[in-house]
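The values are calculated or read from the model by the stated rules, or taken from the named source; none is laboratory data. None of these values were measured; they are calculated from a predicted model. Counting neighbours? That spans all protein chains shown, and the Cβs are built from the backbone with ideal geometry, glycine included. Keep in mind that these areas ignore ligands, DNA and RNA; they rest on the heavy atoms of the full protein, side chains included. Shrake-Rupley method; radii C 1.70, N 1.55, O 1.52, S 1.80 Å.
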Amino acid sequence: MTKVIHVHLIFEKKDYYFGSISAIYDVLNDVQIGIKQSTLLHAGLCDGGVKLTQRAIIRQSHLIRSGRE
């Protein structure tokens, strides 16, 4: 299964979807998100896990794909 990290910026009312925590910081910075990359990497996000900051809601889940080709 493919991991997906959803970042919802509370004040900007924008949603972003990433394949890794490192990819988040290629697009957004720690001020926008409200947490530094090293802290988020050590937060232990797992499937269904949520990390709340004062500026963002960060969720990790998995991408569901059809079995049909």
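The C-beta contact set for the range 22-39 (first residue without any contact (Cβ under 8 Å) to a residue 24 or more places away in the chain, second residue surrounded by fewer than 11 Cβ atoms within 10 Å (Cβ to Cβ), distance under 9 angstrom, 6+ apart or interchain) comprises GLY34/GLN54. Scanning the range 1-33 for residues that are in contact with a Phe, Trp or Tyr (Cβ under 7 Å, 6 or more places away or on another chain) and either in a helix (DSSP H, G or I) or closer than 12 Å to ILE57 by Cα (or both) turns up ILE5, HIS6, VAL7, ILE24, VAL27. Being touching a strand residue (DSSP E or B) at 6+ places or on another chain (Cβ under 7 Å), farther than 30 Å from GLY67 by Cβ and either among the aromatic types (Phe, Trp, Tyr) or open to solvent by 70 Å² or more (accessible area, probe 1.4 Å) (or both) is the filter here; which residues of the range 1-50 pass it? VAL27 - this is the single residue of the range 1-50 that is touching a strand residue (DSSP E or B) at 6+ places or on another chain (Cβ under 7 Å), farther than 30 Å from GLY67 by Cβ and either among the aromatic types (Phe, Trp, Tyr) or open to solvent by 70 Å² or more (accessible area, probe 1.4 Å) (or both).
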